[in-house]
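Novice: Below: one structure in structure tokens.
Any read-out appearing in this document is the output of simple, stated calculations on the displayed coordinates, not a laboratory observation. On a predicted model such as this, the values are computed, not experimentally measured, just so you know. Every residue, glycine among them, receives a Cβ derived from its backbone with ideal geometry; neighbour counts consider all protein chains shown.
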Amino acid sequence: LDSIPYRTMPSSSSLSSSNPHKKDPYQTLGLSHDASAAQIKAAYRRLALCHHPDRLSALFRRQQQQQRAGSGGGGDGVGSSETKTKRLEEEEEEAREEEAKFFRDATDKFSEITTAYGILSDPVKKKEYDHLYKFGAFDDDDDDNNNATNG
């Protein structure tokens with residue numbers, strides 16, 4: 001690994017398939033760079049349970065049902081049944097689109113967590129990442145939180 005220039009990664013590397021400007025895997029898992037293997041595994045399991053798309057989808061649907069039940073689905077009682085049916089169909093389509101977006105976001109977050117764990121749980125990948133990180137191959141200034149000058 002010491003012979004690899006710090007800005008270049010081998011094409012066969014599993015790290016090359018991920019964008020090097022993505023979030024630091026340690027940061028994704030909420031860990032410091034000196035985290036142990038046990039800490040990495042525990043953080044992954046905790047986050048994977050919290051952010052699993054299937055679990056979040058079920059919670060999202062339950063919340064949507066409670067909101068619909070709480071609103072009573074009422075209205076003022078004025079209007080034709082055709083108008084009410086059309087409004088209900090529009091609301092259902094909007095809810096489906098909202099759920100699809102929520103599911104995509106949850107899937108992206110879960111994938112980010114899984115990718116971070118994939119790097120940090122494999123001793124070879126972790127060593128390669130740590131080496132590249134040490135020499136500045138990953139730009140921390142690209143984080144959204146640090147872009148205060150663009151505005």
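Novice: May I ask you to list the lysines whose Cα is less than 20 Å away from that of LYS109, ignoring any residue fewer than eight positions away on the same chain?
Specialist: Here the lysines satisfying the reach criterion relative to LYS109 are LYS22, LYS23, LYS41, LYS101.
Novice: Give me the extension gain from GLU98 to GLN27: residue separation times 0.36 nm, minus the current Cα-Cα distance, reported in nm with one decimal.
Specialist: 22.7 nm
Novice: Another question, if that's okay. What does the net charge come to around THR114 if you take all other residues with beta carbon closer than 12 Å to its beta carbon, with K and R at +1 and D and E at -1?
Specialist: Cβ neighbours under 12 Å give a net charge of 0.
Novice: Mind giving me the nanometre distance, one decimal, between the label points for GLU89 and ALA38, set 7 Å out from Cα along Cα→Cβ?
Specialist: Rounded to a tenth, the inter-label distance reads 6.0 nm.
Novice: Taking the Cβ of GLN64 as the center, what net charge do the other residues with Cβ under 11 Å away carry, scoring Lys and Arg +1 and Asp and Glu -1?
Specialist: The answer is -1.
Novice: Let me check I've understood the local charge: for ILE40, count other residues with C-beta under 14 angstrom from its C-beta, Lys and Arg +1, Asp and Glu -1. What total comes out?
Specialist: Around ILE40, the charge tally is +2.
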